[in-house]
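Here the structure is laid out as structure tokens; the discussion comes afterwards.
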Amino acid sequence: MEKNKTKNLNEVKDEVKDEVKDEVKDTGTVALGIYAKSSTTYNDNVNASNPMPARLREVFHSYRIKRYSLLKTARKYLLNHAREVNAKTEELHKISRTINCKHAFAYEADCVKVDFNSKNAYYTGLQTCGSVWNCPVCSARITEVRRKEIAKAVEETYKLEYQAVMITFTFPHNNKMPLKETLRKQAEALKFFRSGNIWTCFKTKIKFLGLIRALEVTHGHNGWHPHTHELWFIDPKTKEKSFKAFILKRWIECLKKANLLSEDPSKAELEAVTKRSVDVKMNCKASDYLAKNDSAKNWGIDRELSKSANKGKAKGLHAFEFLAEDTPKNQKLYIEFVNAMKGKSQLFWSPRLKNLLKIDEISDADIAENEDEEEKLHENKVYFTQEFWDLILEKDYRAQILNRLESAENVSEEFWKIIKFLSD
């Protein structure tokens with residue numbers, strides 16, 4: 001095994017062609033581990049496929065390929081930006097950790113491994129950015145976990161005999177408003193909304209338990225469109241009409257204070273804000289909130305089958321969609337988005353709410369790093385050395401390898417087919 005590691009890539013390629021041909025011909029199978037850090041005793045008879053329905057698996061695989069393709073474009077945009085600002089190589093992580101996400105080896109790693117749990121195959125030994133905003137791969141993982149947390153929170157809320165109310169807050173905007181400044185004003189308006197005696201008295205009246213707020217940003221004809229979707233947990237006896245009236249009136253006042261609405265709006269402006277700036281749904285279920293908050297580009301696996309390819313177009317594009325069509329305009333928009341969203345959380349929970357609703361604290365970075373929360377199917381791993389990982393990157397084949405190993409009836413044979421493909 002160590003002997004193989006010292007050979008150059010051309011020698012390895014020649015060996016692959018001969019060994020695959022001979023072993024498959026003679027035995028119908030091959031052993032894993034020839035290109036690993038050390039030999040392994042992988043059980044060739046173990047089937048790595050999992051019980052996910054075939055159609056759902058097919059959709060999951062196609063979206064995984066798309067995510068990795070988008071991540072490749074994101075890396076290109078970020079590297080271009082780094083060159084524009086004359087960033088040094090050692091400073092690339094300050095531009096964005098997404099540059100090396102699922103691309104470069106992790107610190108002290110000497111190979112990339114593929115592990116299997118009861119659901120998926122996944123890489124270890126690679127750098128991971130953990131960015132829900134910048135990275136379509138990490139975002140998929142994080143969103144899936146956050147969805148489960150929210151669903152559990154709503155379930156626990158009703159056990160406590162509270163109701164969940166869904167509120168969407170938005171505001172007027174135009175295509176001349178930079179995203180960073182727009183987000184600052186939005187944050188001001190939200191801060192004004194939840195301050196002062198009026199808010200304190202209102203919270204007491206509705207027995208306000210807490211909230212979960214999700215920030216979403218899209219871009220359309222009228223420019224950047226930040227908005228929040230909030231779940232409030234309140235008294236089930238709250239009167240709907242007076243509740244909605246209070247929220248709308250107060251939000252309009254806060255928009256004026258934050259300079260997102262003129263002090264003396266025209267009749268048309270006021271009508272538009274009254275009609276569109278607040279949306280309230282009483283007695284909300286988790287599925288209501290998740291559907292409302294689930295941008296088609298956040299890739300929640302439990303919604304993959306129901307998503308339309310055109311979903312969201314009329315309401316604006318999510319930042320990941322800037323990566324789908326490689327143009328100078330999209331690169332500029334993506335970089336503006338990345339810079340503006342630095343340090344911002346996608347989800348905010350009221351203090352102590354997670355503890356009250358029995359939700360564990362876990363960071364986005366930890367979620368993205370740890371994909372083995374499900375029980376591993378195998379202790380042994382598939383390995384790729386740096387030379388072969390470079391070939392995988394060159395062929396843009398990261399997602400396809402995981403897909404192939406997940407679907408394989410015999411992981412060992414599939415591994416060798418992959419090695420042969422990379423070597424040709």
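The values are calculated or read from the model by the stated rules, or taken from the named source; none is laboratory data. If you're wondering where the values come from, they're calculated on a predicted model, not measured in any experiment. All Cβ positions, glycine included, derive from the backbone under ideal geometry; neighbour counts span all protein chains shown.
Quick check on this structure: which one of Thr182, Thr98, Thr128 is in a loop (DSSP other than H, G, I, E, B) and at pLDDT 95 or above? Give the derivation first.
Values: Thr182 fails: in a loop (DSSP other than H, G, I, E, B); Thr98 fails: in a loop (DSSP other than H, G, I, E, B).
Thr128 is the lone residue from the list that is in a loop (DSSP other than H, G, I, E, B) and at pLDDT 95 or above.
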Worksheet item: Residues of the stretch 105-125 being touching a residue at least 40 places away in the same chain (Cβ under 8 Å), out of contact with any Leu (no Cβ under 8 Å at 6 or more places or on another chain) and either part of a loop (DSSP other than H, G, I, E, B) or of a type in the set (Asp, Glu) (or both), which ones?
Response: Asp110, Cys111, Asp115, Lys119
Discussion item. Just checking, does the stretch 141-161 include any residue being among the small types (Gly, Ala, Ser), outside the structural domain of Arg67 (by TED's automatic domain parsing), crowded, with 21+ Cβ neighbours inside 10 Å and not in a helix (DSSP H, G or I)?
Written reply: no
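For the stretch 386-412, name all the residues that are β-branched (Val, Ile, Thr) and at pLDDT below 95. If you could, list the steps in order and put the result at the bottom.
Residues of the stretch 386-412 β-branched (Val, Ile, Thr): 392, 401, 411.
Passing the criteria: only Val411.
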Fill in: Residues within the stretch 191-234 that are buried (at least 18 other Cβ atoms within 10 Å of the Cβ), over 28 Å from Pro178 (Cα atoms) and of a type in the set (Phe, Trp, Tyr), tallied
3
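Select, from Ala82, Ala109, Ala74, the only residue that is under 27 Å from Glu387 (Cβ atoms), small (Gly, Ala, Ser), in the same structural domain as Glu406 (by TED's automatic domain parsing) and at pLDDT below 95. Before the answer, list the steps.
Working: Ala82 fails: at pLDDT below 95; Ala74 fails: at pLDDT below 95.
Step by step, each of Ala82, Ala109, Ala74 is checked, and only Ala109 is under 27 Å from Glu387 (Cβ atoms), small (Gly, Ala, Ser), in the same structural domain as Glu406 (by TED's automatic domain parsing) and at pLDDT below 95.
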Fill in: Subset of the stretch 82-93 that is in a helix (DSSP H, G or I) and closer than 20 Å to Lys332 by Cβ - its residue that is nearest to the chain's Cα centre (by Cα)
Leu92
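Pick out the one residue from Glu271, Glu188, Glu263 that is of a type in the set (Asp, Glu), part of a helix (DSSP H, G or I) and more than 24 Å from Gly343 (Cβ to Cβ).
Working: Glu188 fails: more than 24 Å from Gly343 (Cβ to Cβ); Glu263 fails: part of a helix (DSSP H, G or I).
Only one candidate passes the filter, namely Glu271.
If you go through the stretch 218-235, how many residues are under 16 Å from Val278 (Cα atoms) and of a type in the set (A, V, I, L, M)? So that I can check it myself, show each step before the final result.
Here is the first cut: in the stretch 218-235, the residues under 16 Å from Val278 (Cα atoms) are 225-232.
Next, from what is left, pick out any that are of a type in the set (A, V, I, L, M): 231.
Of the residues in the stretch 218-235, 1 are under 16 Å from Val278 (Cα atoms) and of a type in the set (A, V, I, L, M).
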Response to the item:
Sole miss for Phe116 among (1) within 20 Å of the chain's Cα centre (by Cα); (2) of a type in the set (Phe, Trp, Tyr); (3) buried (at least 23 other Cβ atoms within 10 Å of the Cβ) is condition (1)
